[in-house]
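Data block below; observations after.
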Amino acid sequence: MDYQKVIDRIHGELLELWGQGKVADYIPALAKVNPRQFGIALITLDGQEFLSGDAGVCFSVQSISKVFTLAMVTRHIGDGIWKAVGREPSGNPFNSLVQLEHEQGFPRNPFINAGALVVTDRLISLYPHPKDAILEFVRGLCGNDDIYYDKEIARSELDHADRNMALAYFMKSFGNIENDVDILLDVYCHQCAISMSCEDLARAFLFLCNRGTNPLNGEQVLTVSQAKRLGALMLTCGFYDESGDFAFRAGLPGKSGVGGGIAAYIPGNLSVTVWSPELNRHGNSLIGMEALERLTTDIGNSIF
């Protein structure tokens with residue numbers, strides 16, 4: 001399969017969609033991002049790398065970071081995390097309060113904001129220096145020590161974190177948040193502000209492609225069972241209230257972020273990341289969603 005030819009063709013064909021989406025503006029620092037950027041990085045499990053467009057440009061990974069923090073917590077407490085957060089699709093926007101109230105502070109899954117806050121809260125309980133630990137973990141996954149937080153975006157998120165703060169305090173009232181909410185929001189906003197390129201992210205997802213073992217250094221990040229379950233959650237919950245449509249169109253486990261990135265993979269085969277900042281009405285990259293649907297169609301391969 002000539003992956004380079006495939007992703008170059010997809011990149012060229014989808015540039016005509018620029019202007020049909022909207023850059024996230026509820027975080028002012030994200031609103032300043034140039035919308036006319038589009039990168040694709042595809043890395044096979046045997047180490048072949050294929051890049052197209054703006055694949056080397058760093059961007060804010062936002063909710064893609066939830067995969068990393070969930071892996072960090074799962075490797076320490078295993079199934080214990082499911083006592084605090086569910087495993088079902090939400091069918092609601094990522095920052096919804098309605099469902100959380102109805103279900104008494106127990107978030108539906110770890111990839112909506114409420115669930116991710118619970119995961120980050122448990123991470124704070126596990127690590128004395130959680131922000132340093134997150135960076136160290138991500139750097140190890142992608143083999144790049146030059147990964148940092150975008151401080152401007154982290155500050156912008158903290159300055160506009162009222163809804164996430166409301167989610168955290170509401171869950172704390174039910175005893176589902178262990179730590180100080182201000183500390184929790186600081187760590188959470190920083191994890192969302194991790195700055196990575198498509199190339200870095202595609203490498204970072206190879207451990208999931210490889211049944212929990214990082215092929216870059218041989219480290220067993222998760223057990224085979226844990227990696228399988230994380231992939232299942234990404235397939236069913238990784239795109240908020242558009243998760244079912246993405247599974248239908250692309251047939252991949254993946255995770256999106258409002259920075260315009262999507263990271264996905266085919267188990268035992270390849271990892272792929274796309275990035276284009278303009279979002280659709282669900283908060284997922286408009287071009288990115290289309291790109292991954294075309295990719296699995298063109299290569300004749302997905303998890304199905």
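Quick notes
- Residue within the range 247-255 that is outside any loop (DSSP other than H, G, I, E, B) and within 15 Å of PHE137 (Cβ to Cβ) present: no
- Tabulated pairs, the range 220-233, first part of a loop (DSSP other than H, G, I, E, B), second at pLDDT 95 or above and of a type in the set (Val, Ile, Thr), C-beta under 7 angstrom, 6+ apart or interchain: VAL221/THR213; LEU222/THR74
- The test for being in a helix (DSSP H, G or I), of a type outside the set (Gly, Ala, Ser) and in contact (Cβ under 8 Å) with a residue 60 or more places away in the chain does not hold for ILE40.
- Candidate set from the range 69-122 (those that are out of contact with any Lys or Arg (no Cβ under 7 Å at 6 or more places or on another chain), farther than 21 Å from ARG211 by Cβ and among the hydroxyl-bearing types (Ser, Thr, Tyr)); member that is surrounded by the fewest Cβ atoms within 10 Å (Cβ to Cβ): SER96
- Matching residues in the range 150-170 - criterion: being of a type in the set (Ser, Thr, Tyr) and surrounded by fewer than 18 Cβ atoms within 10 Å (Cβ to Cβ): TYR169
- Extreme residue, surrounded by the fewest Cβ atoms within 10 Å (Cβ to Cβ), among residues of the range 43-54 that are in a strand (DSSP E or B) and not aromatic (Phe, Trp, Tyr): GLU49
- Residue match in the range 254-266 (condition: buried (at least 24 other Cβ atoms within 10 Å of the Cβ), of a type in the set (S, T, N, Q) and closer than 15 Å to LEU235 by Cβ): yes
- Among (1) closer than 15 Å to GLN62 by Cβ; (2) assigned to a helix (DSSP H, G or I), the one test that LEU100 misses: (1)
The values are calculated or read from the model by the stated rules, or taken from the named source; none is laboratory data. Since the structure is predicted, the reported quantities are computational estimates derived from the model, not experimental observations. Cβ sites come from the backbone with ideal geometry, for glycine too, and all protein chains shown count toward neighbours.
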